[in-house]
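Report on one structure; see the data block that follows.
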């Protein structure tokens with residue numbers, strides 16, 4: 001699945017995290033797409049209290065559709081789902 005973004009900046013982005021070897025890279029890439037920034041302009045997930053290794057352990061290889069984890073990052077709500085979907089949305093969507 002390609003990154004999908006509404007037509008305006010700061011809108012929702014939904015991607016398949018399976019395209020990435022590392023979920024931290026998937027998250028920063030999706031938020032950067034939503035915000036029209038370079039991923040390098042965003043803080044590392046560990047700097048905002050999200051453990052990238054824990055994300056990879058929970059969502060990296062297992063396919064459990066009941067899993068869901070949502071957190072705030074760079075002003076967005078980031079949701080990871082057990083089917084490999086990653087959704088980034090402004091808090092007001």
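The values are calculated or read from the model by the stated rules, or taken from the named source; none is laboratory data. These numbers come from a predicted model, not from an experiment. Virtual Cβ from ideal backbone geometry, glycine too; neighbours counted across all protein chains shown.
A compact table of results
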{"read-out": "Near pairs, Cβ below 8 angstrom, 6+ apart or cross-chain, from the stretch 79-93 (without any contact (Cβ under 8 Å) to a residue 12 or more places away in the chain) to any residue that is part of a loop (DSSP other than H, G, I, E, B) and buried (at least 18 other Cβ atoms within 10 Å of the Cβ)", "value": "none"}
{"read-out": "Every residue from the stretch 47-69 that is part of a helix (DSSP H, G or I) and either closer than 25 Å to residue 92 by Cα or in contact with a helix residue (DSSP H, G or I) (Cβ under 7 Å, 6 or more places away or on another chain) (or both)", "value": "47, 48, 52, 55, 56, 59"}
{"read-out": "Conditions (1) in a strand (DSSP E or B); (2) modelled with pLDDT under 90: number failed by residue 88", "value": "(2)"}
{"read-out": "Every residue from the stretch 70-84 that is outside any loop (DSSP other than H, G, I, E, B) and in contact with a helix residue (DSSP H, G or I) (Cβ under 7 Å, 6 or more places away or on another chain)", "value": "73, 76, 78, 80"}
{"read-out": "Of all residues in the stretch 29-46 being without any contact (Cβ under 8 Å) to a residue 24 or more places away in the chain and assigned to a helix (DSSP H, G or I), the one that is surrounded by the most Cβ atoms within 10 Å (Cβ to Cβ)", "value": "32"}
